[in-house]
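Notes for the one structure printed next.
The values are calculated or read from the model by the stated rules, or taken from the named source; none is laboratory data. What you see is a predicted model; the values in this text were computed from it and never measured. Every residue, glycine among them, receives a Cβ derived from its backbone with ideal geometry; neighbour counts consider all protein chains shown.
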Amino acid sequence: MSPVITEKVALAGFGRIVGDDAVLTDADATAPYLVDHRKLYEGKALAVLRPSTVGEVSQLLAFCNGTRIGVVPQGGNTGYCGGATPDDSGRQVVLSLGRMARIRSVDAVNYSLVAEAGCILGDLQKAALEVDRYFPLSLGSEGSCQIGGNLSTNAGGLNVVRYGMTRELVLGLEVVLADGRVLSTLGELRKDNTGYDLKSLFVGAEGTLGVITAASLKLSPRPRALATAFVAVRSVAAAVDLLNLLRETSGDRVSSFELIPNIAIELTTRHIPGVAQPLAGEYAWCVLCELSSSRATDEVDAMLESALSDAMDGGLLEDAALAQNERQRAAFWRLRESIPEAQRIEGPSLKHDVALPIGALPRFVAEASAWIAERLPQAVLVAYGHVGDGNLHFNVNARRGADPVAFVASADELHRHVHDLVTSLGGSISAEHGIGRLKVDELARYAPPLELELMRSIKCALDPNGIMNPGKVLKAI
């Protein structure tokens, strides 16, 4: 907050714009907004502001820009990197978009919808289904995460192999800039080559360039035929080979392809009620794969069964279970989606959200696993994720009985080795969770200098006073 404005004057200004009931200052009311999902960061805030219109967001940002008050945009607060948490200075405000939750339009003919940033992802999926369409972004937190946060972090999820990251689902955006001006590119065109693609600047920018208040999003045909299998593979390399086989033999109908290690199955069946082992035996690596088609007559079950039979004959598989009904399919997915919760219950975990060229995954897993086994005997590897797009959640849990303090103390050495290896193999240190506060130093270490220079130039051009989500993504200039 600028030295020339007092807290009282600032709060009065906020109240004039959004109404006093939308300016939260009480400790109990603000507490949920001040700690991140993983409880890695806890901050303080001058206030939590809850606007309900783009006009109010515009006025708030203009006011904050003029008074140099930092603004931390926040959606469902489900992020993993502290990107929506204020610092501990008490000189920032949290801008919560939860009241901006209107679906402005749904156009089945154009396969598009326009939604405000505070819309819950699951509600957008339902709105699409109501007009016989499909919004393919799917995350474990879809019952609480908001589309504005998904856009700001360029979320990935379970269907990237078929439909792409969130960025690929965007037709246009409405964004409020740091000075309060509103940039509206909410068109619903598939083709528009009139100049720079400005909307893409804000997808994945984590609120550091402006506040996304609405988006025009692509819909797809509704899947009418699904085939799902839980498969034991002989190795990570065999999983990659199976992915290629499925894509080729199914006419590229693979929508999800998830790698799951045996330790993840052990954790979920131990800690999560209702989760069961899908296969009769225990195997080092499993895959949850799914084919889908918008044509009900497509025999995707037969396609999947035939491909798995060929893979078995080729020595890629050890066992397989095909879902015979929706209940079995839901049970397979419940296991996969419960892995993060089971890890939290088990104990401390050091997490890595990395992406690699798919062909490099076997080498990465082998080399990183060997290093962990040699250097961190108090740790157990839990590596799982979206192999279909090269994204692994390469997490390391403390073994039962291990000293948690010593385990956490190994974090820097572990992160450095994993990220060095990822980078050497042409990968990324952040695949779908963003940078936030957690990886600011890592981005500065691994990003090419020219990329950092250009990012800082864009930041200075759009937010010259540095009020937008200070301390996130880029180090202070």
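The set of residues in the range 199-228 that are of a type in the set (A, V, I, L, M, F, W, C), in contact with a Phe, Trp or Tyr (Cβ under 8 Å, 6 or more places away or on another chain) and part of a strand (DSSP E or B) comprises 212, 217. When the range 162-180 is filtered for residues that are closer than 15 Å to residue 432 by Cα, free of Cβ contacts under 8 Å to residues at least 60 places away in the same chain and out of contact with any Phe, Trp or Tyr (no Cβ under 8 Å at 6 or more places or on another chain), the ones remaining, listed by number, are 164, 166, 167, 168. Counting the residues of the range 298-330 that are within 24 Å of residue 276 (Cβ to Cβ) and not hydrophobic (A, V, I, L, M, F, W, C) gives 10. Selection of the range 19-28 for residues being of a type in the set (A, V, I, L, M) and surrounded by 12 or more Cβ atoms within 10 Å (Cβ to Cβ) yields 22, 23, 24.
One line per residue, one yes/no per condition, for (1) closer than 27 Å to residue 252 by Cβ; (2) polar (S, T, N, Q); (3) outside the structural domain of residue 83 (by TED's automatic domain parsing):
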{"residue": "120", "(1), (2), (3)": "no, no, yes"}
{"residue": "125", "(1), (2), (3)": "yes, yes, yes"}
{"residue": "142", "(1), (2), (3)": "yes, no, yes"}
{"residue": "149", "(1), (2), (3)": "no, no, yes"}
{"residue": "162", "(1), (2), (3)": "yes, no, yes"}
{"residue": "168", "(1), (2), (3)": "yes, no, yes"}
{"residue": "180", "(1), (2), (3)": "no, no, yes"}
{"residue": "187", "(1), (2), (3)": "no, no, yes"}
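When residue 117 is tested against (1) buried (at least 20 other Cβ atoms within 10 Å of the Cβ); (2) in contact with a Cys (Cβ under 8 Å, 6 or more places away or on another chain), just one condition goes unmet, and that condition is (2). Within the range 439-447, the presence of a residue that is assigned to a strand (DSSP E or B), in contact with a strand residue (DSSP E or B) (Cβ under 7 Å, 6 or more places away or on another chain) and surrounded by 13 or more Cβ atoms within 10 Å (Cβ to Cβ) is excluded.
Of all residues in the range 14-48, those that are acidic (Asp, Glu) and more than 22 Å from the chain's Cα centre (by Cα) total 4.
Which members of the range 121-153 meet the condition of being of a type outside the set (Lys, Arg), in a strand (DSSP E or B) and more than 14 Å from the chain's Cα centre (by Cα)? Selection gives 134 alone. The residues of the range 154-185 that are surrounded by fewer than 17 Cβ atoms within 10 Å (Cβ to Cβ), within 24 Å of the chain's Cα centre (by Cα) and part of a loop (DSSP other than H, G, I, E, B) amount to a single one, 164. The C-beta contact set for the range 293-311 (first residue under 13 Å from residue 230 (Cα atoms), second residue surrounded by 19 or more Cβ atoms within 10 Å (Cβ to Cβ) and among the β-branched types (Val, Ile, Thr), distance under 7 angstrom, 6+ apart or interchain) comprises 308/231.
Listed here are the residues, each with its yes/no results for (1) surrounded by fewer than 22 Cβ atoms within 10 Å (Cβ to Cβ); (2) touching a residue at least 24 places away in the same chain (Cβ under 8 Å); (3) in contact with a Pro (Cβ under 8 Å, 6 or more places away or on another chain); (4) under 15 Å from residue 169 (Cα atoms).
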| position | (1), (2), (3), (4) |
| --- | --- |
| 200 | yes, yes, no, yes |
| 223 | yes, yes, no, no |
| 226 | yes, yes, no, no |
| 230 | no, yes, yes, no |
| 241 | yes, yes, no, no |
| 248 | yes, no, no, no |
| 263 | yes, yes, no, no |
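Inside the range 207-231, residues that are in contact with a helix residue (DSSP H, G or I) (Cβ under 9 Å, 6 or more places away or on another chain) and either of a type outside the set (Gly, Ala, Ser) or more than 30 Å from residue 113 (Cα to Cα) (or both) make up a count of 14.
Every residue, every condition in (1) assigned to a strand (DSSP E or B); (2) assigned by TED's automatic domain parsing to the domain that holds residue 152; (3) in contact (Cβ under 8 Å) with a residue 60 or more places away in the chain; (4) closer than 30 Å to residue 342 by Cα, yes or no:
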{"position": "31", "(1), (2), (3), (4)": "no, no, no, yes"}
{"position": "48", "(1), (2), (3), (4)": "yes, no, no, no"}
{"position": "57", "(1), (2), (3), (4)": "no, no, yes, no"}
{"position": "62", "(1), (2), (3), (4)": "no, no, yes, no"}
{"position": "65", "(1), (2), (3), (4)": "no, no, yes, no"}
{"position": "71", "(1), (2), (3), (4)": "yes, no, yes, no"}
{"position": "76", "(1), (2), (3), (4)": "no, no, yes, yes"}
